[in-house]
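Derivation of every value follows stated rules applied to the coordinates shown; laboratory data play no part. Computed from a predicted model, the values in this text were never measured in an experiment. Using ideal geometry, Cβ is built from the backbone for each residue, glycine included, and neighbour counts are taken over all protein chains shown.
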Amino acid sequence: MAEPTPHATAGQIQREIWRRKNKNKHGEEITSLNIIAMMDMMTIILVFLLKTLSNSSANIPQSDDLRVPRSSSRVDPSGSLQVIVSRVSITVNGRAIGVYLRDGLVDPSQKRGGSAGFLINPLASEMRNQAEVARALAARTGQPFRGEVAIIAHRDIPLRTIYESLYTCAQNGFSNFQLLVLKGGGAAGS
Amino acid sequence: MSSTFTQSQRAYIRRKSRLKPITPDEEGGELNVIPFLDMIINVMMFVLATITTVFTAMITIPAPRATSGPSHGPEDPDEITLTVKVVRDGYIVGAPGGFLQPNCTDVAQATLTVALIAGNHDGPGLTRCLVNARNNPPWRTQLQTRRNIQVAVNGDVPYHVLITTLDAIRETRPGAGDMFTEPALGILQ
């Protein structure tokens with residue numbers, strides 16, 4: 001007479017449960033990716049990109065009112081105060097100063113000496129303020145005040161307006177001019 | 001001798017080895033960052049597409065004089081100075097003794113030295129003219145090493161013409177800087 005098969009013990013039952021659980025685990029498909037690291041990287045890149053491009057002097061907003069001419073110059077611009085002469089206005093560091101242009105020319109009522117004058121009063125006032133701030137900053141940091149200003153102008157602005165802007169800046173302490181242009185023009189420019 | 005499981009034991013084992021499904025309240029234990037990542041990528045692509053990063057350069061110039069014509073004449077009466085006057089019809093190049101003629105060699109009365117080409121100011125033509133002037137035997141000694149030049153511009157000439165002119169007088173080819181790199185600006189009234 002065959003001996004009866006002994007029943008499994010509690011330990012054997014637990015081992016069987018454990019074995020089956022592990023078998024199921026190995027057979028699982030990956031249902032989710034841990035993308036927190038990638039998200040962290042993307043966020044840092046985005047913040048860095050926004051910060052860099054917004055502060056970069058190379059970021060010149062091009063539009064129908066501001067098309068900067070091209071030049072063969074290869075000298076990289078240095079960060080300095082920006083005076084933007086578009087088709088419709090003159091701004092300083094992106095801030096409106098109340099100088100509006102008509103046909104590319106400054107209203108004679110805003111110039112000292114009228115139509116024949118070169119000094120643009122609102123621009124002179126703004127540049128005076130900027131010079132005071134720059135000098136105070138230079139004094140605190142021990143750096144010399146260089147009086148640099150970058151002129152960003154629309155390509156079709158009459159030179160009379162450009163000269164008036166340059167003259168006004170020079171009369172208020174900013175006499176190191178940088179004409180910002182787009183790289184890539186030949187000798188004939190564009 | 002192997003042991004076998006009874007039916008009740010097999011049922012017990014089956015029940016205990018089944019993986020528990022994640023209940024909805026347990027799913028919230030880990031943040032679902034996929035929508036956030038989707039938003040980040042969209043914003044980044046939008047920012048890259050809309051911010052026009054252009055490659056800029058600069059041209060340094062001194063403060064211009066608000067007087068007619070170019071700045072003061074040379075302190076040394078024997079010093080040779082060239083003057084480029086930018087007018088609506090082209091360039092007039094002043095030289096010792098008069099004005100350069102269209103052949104850029106002879107000096108005579110005022111005339112248009114470099115005329116417009118296709119309605120535009122001829123920058124390469126001005127460059128060639130200045131190269132000829134520099135190689136002119138009477139002036140070669142002084143002008144070969146001269147870096148300053150007078151530039152007087154008509155007030156109603158567009159700004160891009162000034163840039164073209166500065167490029168033309170500065171170098172014979174882009175990036176060379178082998179000609180007049182120190183222009184002195186003035187305005188013709």
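Residue B:93's amide H: which non-local residues (gap 5+, or another chain) put their own amide H closer than 5 Å, with H modeled 1.01 Å from N in plane and none for Pro or chain starts?
B:85, B:100, B:113, B:114
Taking every residue in A:165-174, how many Cβ atoms of other protein chains lie within 10 Å of its Cβ, on average?
2
Quick one: net charge of residue A:164's neighbours, Cβ under 12 Å, K/R +1, D/E -1?
Residues close to residue A:164 contribute a combined charge of +2.
Across peptide A:64-73, what mean number of C-beta atoms from other chains lies inside 10 Å of a residue's C-beta?
6
Reachable lysines from residue B:16, Cα under 18 Å, same-chain residues fewer than 8 places away excluded?
A:21, A:23, A:25
Count the DSSP beta bridges whose two residues both fall in segment B:83-188, then state the antiparallel fraction as a percent rounded to the nearest 5.
Around 50 percent of the beta bridges assigned by DSSP in segment B:83-188 are antiparallel ones.
What is the sum of charges around residue A:8, taking Lys and Arg as +1, Asp and Glu as -1, for the other residues whose C-beta is under 13 Å from the C-beta of residue A:8? Spell out each step's value before the answer.
Values: positive: A:15, A:19, B:10; negative: A:16.
The answer is +2.
Give the shape of segment B:76-117 as rounded, prolate or oblate, defined through the alpha-carbon gyration tensor: a ≥ b ≥ c are the square roots of its eigenvalues, a/c under 1.5 means rounded, and otherwise the shape is prolate if a/b is larger than b/c and oblate if not.
Values: a/c = 2.77, a/b = 1.79, b/c = 1.55.
Judged from the Cα gyration tensor, segment B:76-117 comes out prolate (a/c at least 1.5, a/b above b/c).
Shielding by partners for B:174-187, please: the mean number of other protein chain Cβ atoms within 10 Å of each residue's Cβ.
Rounded to a whole number, the mean comes out at 2.
Rounded to the nearest 5, what % of DSSP beta bridges with both residues in segment A:30-184 are antiparallel?
Values: 12 of 23 bridges.
The antiparallel fraction comes to roughly 50 percent.
Can you report the principal axis dimensions of segment B:83-188 using only the alpha carbons, biggest first, rounded to whole angstrom?
36, 33, 25
Taking the Cβ of each residue in B:164, B:145 as the centre, tally the other Cβ atoms inside 10 Å and list the residues starting with the fewest.
With the fewest neighbours first, B:164, B:145 line up as B:145, B:164.
Semi-axes of segment A:70-183's equivalent ellipsoid from the Cα gyration tensor, sqrt of 5 times each eigenvalue, largest first, rounded to whole Å?
23, 19, 11
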